[in-house]
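Shown next, in structure tokens, is the structure this report addresses.
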Amino acid sequence: MRDNLLRVLRLGAIIALGVALLSCGKREGGGKEEGESEKGLVVGFSQVGAESAWRTAETTSMQEEAAKRGIALKFSDAQGKQEKQIQALRAFIAQGVDAIILAPVVETGWEPALKEAKAASIPVVLVDRGIEVADESLYATLIASDFILEGKMAAEWLAKKMNGTAGIVELQGTPGAAPAIDRKAGFEQGIAQYPGMQIIASQSGDFRRSNGKEVMEAFLKIHGKKINALYAHNDDMAIGAIQAIEEAGLKPGEDIIVVSVDAVKGAFEAMVAGKLNCTVECNPLLGPLAFDAVEKILAGQTLPKRIVIEDRVFDQSAAKDVIGTRKY
Ligand code: AHR
């Protein structure tokens with residue numbers, strides 16, 4: 001009887017010790033679980049994809065900033081598809097994240113998912129690209145560059161370089177995306193005062209290097225010597241097009257003047273090599289501003305609906321001096 005009691009007590013002690021060791025191991029030796037946060041904050045980030053060097057730099061900036069602040073980041077790459085972004089938003093809502101950061105691939109079609117986020121009291125911070133919604137209360141703020149101004153700056157630089165006369169081909173970004181729509185509009189406004197500056201062909205290269213090359217090959221076949229300038233909505237497409245120009249036996253940067261947008265490292269390298277003439281900056285390092293916004297909103301502050309990033313123009317004359325200082 002006494003022996004049985006002792007056996008039961010010993011077994012109980014062993015079980016209690018085991019449970020204590022297991023829970024201890026979880027806290028001390030288990031490392032950070034996915035979604036665990038030092039501050040207890042969980043943020044979902046729905047990213048467009050990885051179509052360009054700019055996009056990759058933006059993703060890294062978000063991830064680094066979240067880690068720096070001890071915020072758990074749930075990252076979703078939509079591979080350029082709006083349906084996948086909407087799915088990601090719904091998953092974030094179901095998981096009960098504290099806030100959502102959204103870089104929307106296109107401008108329209110966001111109302112239903114944003115209404116669901118609002119109903120769940122989850123604030124949404126838009127980064128990089130704007131959207132069209134009737135009800136602006138569906139998002140807290142938009143942190144982005146002024147894409148119309150970028151297009152205008154490219155046009156002004158080009159008009160000066162070409163003395164007001166050029167046969168221009170244009171490589172547009174993703175159809176329906178704010179930077180494609182606005183950079184086109186801004187460029188057209190910018191060249192409007194120069195009757196000699198004519199866009200002779202314009203097509204989407206989806207912000208991708210390979211597409212930029214393909215479309216430029218087609219432009220060169222159809223329009224040949226009529227082309228003396230290229231305006232690309234991003235550097236990646238310009239770099240692809242530069243390859244096409246070289247393969248056609250022409251000199252990019254001389255036979256065809258090339259201006260693009262983003263100011264990524266690859267653009268500076270192409271400028272130093274004399275193949276790209278000018279790039280208009282579009283800063284992708286939005287992590288610090290995005291998480292400032294999230295933390296302020298969660299602390300009860302109201303932010304301006306639009307936070308504008310200021311950008312500059314760089315051409316070959318500055319490239320060598322500046323290339324070493326570029327952060328993306
Ligand atoms: O929305 C910003 C644009 O998207 C960048 O200019 C381009 O490179 C990217 O893919």
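The values are calculated or read from the model by the stated rules, or taken from the named source; none is laboratory data. Treat the numbers as computed from the prediction; the structure is a model and nothing was measured. All Cβ positions, even for glycine, are placed from backbone atoms using ideal geometry, and neighbour counts span all protein chains on display. Note: areas computed on protein heavy atoms with side chains; ligands, DNA, RNA excluded. Shrake-Rupley method; radii C 1.70, N 1.55, O 1.52, S 1.80 Å.
In table form, for the structure just shown:
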quantity: Looking only at segment 269-279, and only at residues there that are within 15 Å of the ligand (Cβ to nearest atom) and among the aliphatic types (A, V, I, L, M), the one that is farthest from residue 146 (Cα to Cα); calculated: 270
quantity: Single residue of 300, 253 found to be at positive phi and not assigned by TED's automatic domain parsing to the domain that holds residue 157; calculated: 300
quantity: In segment 156-196, the residues that are within 16 Å of the ligand (Cβ to nearest atom), buried (at least 17 other Cβ atoms within 10 Å of the Cβ) and either outside the structural domain of residue 215 (by TED's automatic domain parsing) or free of Cβ contacts under 8 Å to residues at least 60 places away in the same chain (or both); calculated: 180, 182, 184, 186, 187
quantity: Odd one out for residue 283, checked against (1) closer than 18 Å to residue 43 by Cα; (2) touching a residue at least 24 places away in the same chain (Cβ under 8 Å); calculated: (1)
quantity: Selection status of residue 284, surrounded by fewer than 23 Cβ atoms within 10 Å (Cβ to Cβ) and modelled with pLDDT of 95 or more; calculated: no
quantity: Enumeration of residues in segment 216-239 that are within 16 Å of the ligand (Cβ to nearest atom) and either free of Cβ contacts under 8 Å to residues at least 60 places away in the same chain or hydroxyl-bearing (Ser, Thr, Tyr) (or both); calculated: 231, 239
quantity: Selection within segment 58-73 - away from the ligand (no atom under 16 Å from the Cβ), open to solvent by 10 Å² or more (accessible area, probe 1.4 Å) and free of Cβ contacts under 8 Å to residues at least 40 places away in the same chain; calculated: 67, 68, 73
quantity: Subset of segment 33-59 [of a type in the set (Val, Ile, Thr) and within 26 Å of residue 299 (Cβ to Cβ)]; calculated: 42, 43, 59
quantity: Near pairs, Cβ below 6 angstrom, 6+ apart or cross-chain, from segment 28-57 (on the phi > 0 side of the Ramachandran plot and more than 16 Å from the ligand (Cβ to nearest atom)) to any residue that is open to solvent by less than 20 Å² (accessible area, probe 1.4 Å) and at pLDDT 70 or above; calculated: 35/72
quantity: Residue 210 vs. criteria crowded, with 17+ Cβ neighbours inside 10 Å, without any contact (Cβ under 8 Å) to a residue 40 or more places away in the chain and within 16 Å of the ligand (Cβ to nearest atom); calculated: no
quantity: Residue within segment 96-108 that is within 13 Å of the ligand (Cβ to nearest atom) and among the acidic types (Asp, Glu) present; calculated: yes
quantity: Residues being within 16 Å of the ligand (Cβ to nearest atom), in a helix (DSSP H, G or I) and not basic (Lys, Arg) - total across segment 240-268; calculated: 6
quantity: Residue that is nearest to the ligand (Cβ to nearest atom), among those in segment 113-135 that are of a type in the set (A, V, I, L, M, F, W, C) and outside any loop (DSSP other than H, G, I, E, B); calculated: 127
quantity: Qualifying residue in segment 288-305 (condition: within 25 Å of residue 201 (Cα to Cα), of a type in the set (Asp, Glu) and free of Cβ contacts under 8 Å to residues at least 60 places away in the same chain); calculated: no
